[in-house]
1. What do you reckon, is Asp334 closer than 26 Å to Ser264 by Cα, more than 18 Å from the chain's Cα centre (by Cα) and not hydrophobic (A, V, I, L, M, F, W, C)?
2. Could you check region 439-461 and list, in sequence order, the residues that are part of a helix (DSSP H, G or I) and over 22 Å from Gln418 (Cβ atoms)?
3. Go through region 469-499 and give me each residue that's more than 37 Å from the chain's Cα centre (by Cα) and either crowded, with 21+ Cβ neighbours inside 10 Å or not in a loop (DSSP other than H, G, I, E, B) (or both).
4. Going through region 148-171 one residue at a time, which ones are surrounded by fewer than 16 Cβ atoms within 10 Å (Cβ to Cβ) and either among the β-branched types (Val, Ile, Thr) or touching a Phe, Trp or Tyr at 6+ places or on another chain (Cβ under 6 Å) (or both)?
5. From the list Ser454, Ser443, Ser460, which one is over 19 Å from Arg489 (Cβ atoms), assigned by TED's automatic domain parsing to the domain that holds Ser478 and either under 38 Å from the mean Cα position of the chain (by Cα) or crowded, with 17+ Cβ neighbours inside 10 Å (or both)?
6. (1) within 31 Å of the chain's Cα centre (by Cα); (2) touching a residue at least 60 places away in the same chain (Cβ under 8 Å); (3) farther than 23 Å from Arg363 by Cβ: which one isn't true of Pro422, the others all being true?
7. Look at region 357-366 and say how many of its residues are loosely packed, with under 12 Cβ neighbours inside 10 Å and in a strand (DSSP E or B).
8. Could you name every one of the strands (runs of 3 or more DSSP E) located completely within region 285-353 that has at least 1 residues being farther than 24 Å from Ser478 by Cα and among the aromatic types (Phe, Trp, Tyr)?
Amino acid sequence: MKSRTQSRAIAAAGWTATRTGAAGIFLLGVLFALSLILAQPAAARSAPESFADLADRLLPSVVNISSTQIQRQDRGPQAPNFPEGSPFGDQFREFFNRNQGAPRRATSLGSGFIISEDGLVVTNNHVIDGADEITVTLSDDSQHKAELLGRDPKTDLALLKIDADRTLPAVPWGDSTKSRVGDWVVAIGNPFGLGGTVTAGIISARQRDINQGPYDSFIQTDASINRGNSGGPMFNMDGQVIGVNTAIFSPTGGSVGVGFAVPSSIAERVIAQLQEFGQTRRGWLGVRIQTVTDEIAESIGLDSARGALVSSVTDDGPAEKAGIEAGDVILTFDGKSVDSMRELPRIVADTDIGKSVPVQVWRDERQRTLSVKIGELEEEVPVLASTGPDGDALEPEEATIDDLGVAVTTITDDMRAQFNLPDDLRGVVITGVEPDSPAAEKSLRPGDVIVEVSQEEVGSPGQIAEKIREARDADRSSVLLKINRNGDRRFVALRIPKS
């Protein structure tokens, strides 16, 4: 049945045709068809009719991984002391001695996928961590001992090598940065040791930080991922690997539709380094950073809460050599915008070692561009906070800073002994914090040392009061403090009353 709109359009076309002839009929017919097309809502891409062809092509490239760790038992209970000549003494001693320290084999199961025809296999580090033996089972149930070429605990990735004496079916990497929330994905793995299992879902979110490491940027999916799927691939609809399934969020231990995968934008680079060097080689800047809050941004004259605030600089590191200072806010790095603090470690880590890059910082309420030559990150590089200037000890002075809600005093020998402060630390130590005060809201506590206010060093309560007055005169609602707590330095923005 034609709609009322269609009937009116057809009637109008017929009336016009009697006046314009065949050419008019043709033209109006085209216009009518176009009007029907434009009137229809845009159709979203429909779900695939089947994943069968894709699964059939990809399953042979996904492997099961079992790792075995031989654990030595601690010495167990000692054999009882039987009287000399007892008929059971020798039997009990033999039994206990035979079972003392018997090794125990712990086995874990996971998944992986083949990325080269000669047998390179990618999996998660936690699947093979501490393993004495690693076995890879292919889709034809053949088993092969694997060699560990390298692993990276920070991204939870590992690279294995097997020798299968034949060409193996490999899968290519895809570009995870082109994937969008809502795109279909397929996960293949070895859940609960069941073997090749295919599940499908969509990308639920991107760049998820789940506090697993310094380079978190996970793809979240609702495709079913369970124990044993770890290390398995996440495919796009072109059969390319865009993620390595790594973790799930679950209060029950089973899939609840919240799974996470390391994106290929991170994994591909890490795996390439493991293949070439046997370890990762990451760029190093030599700074300790913290989040720029709205209050911090307002206190330093920055238009919005963005970038990464440098809380300390490593002595003789790349940042110090380039002139980066504590209190700078890094806005861009090598042309890439640093929208939040957690983005900077990933950007720096992916930068080639030895490369000189432009770094845009915010300092003294204006932008500056510095050139930094990137160093190489070593494991557990110590980050040393710079100390205050040398000088004679100030005369003792105590005061209450009502605007902040703290009682403070200059650092004396008694204060150093009471709060275990190092001899070379300069500043003003907090001795009391008022409940419900701005300082209490930011969790300041007695023993914290105020090193700087508004990015200038302070050595007396009077200097703190002066800096608060200057901030108020500049019509700012907060003031930026640099705090030393047990050697760890960080910036804190405290709100101040207007008057």
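The values are calculated or read from the model by the stated rules, or taken from the named source; none is laboratory data. Quantities reported herein were computed from a predicted structural model and do not represent experimental measurements. Reconstructed Cβ throughout: ideal geometry from the backbone, glycine too, with neighbour counts over all protein chains shown.
1. Numbers: closer than 26 Å to Ser264 by Cα: yes; more than 18 Å from the chain's Cα centre (by Cα): yes; not hydrophobic (A, V, I, L, M, F, W, C): yes.
Yes: the conditions hold for Asp334.
2. The initial filter retains those residues of region 439-461 that are part of a helix (DSSP H, G or I), namely 439-441, 461.
Selection gives Glu441 alone.
3. Arg469, Glu470, Arg472, Asp473, listed by residue number.
4. Result: Thr167, single match.
5. Numbers: Ser454 fails: over 19 Å from Arg489 (Cβ atoms); Ser443 fails: over 19 Å from Arg489 (Cβ atoms).
Exactly one residue qualifies, and that residue is Ser460.
6. Answer for Pro422: the failing condition is (1).
7. Our first condition is that a residue be loosely packed, with under 12 Cβ neighbours inside 10 Å; within region 357-366, this holds for 364-366.
The next check asks that each one be in a strand (DSSP E or B); those that pass are 366.
Number of matching residues: 1.
8. On the way: elements: 287-291, 308-313, 329-333.
In region 285-353, 329-333 are the strands (runs of 3 or more DSSP E) which contain 1 or more residues that are farther than 24 Å from Ser478 by Cα and among the aromatic types (Phe, Trp, Tyr).
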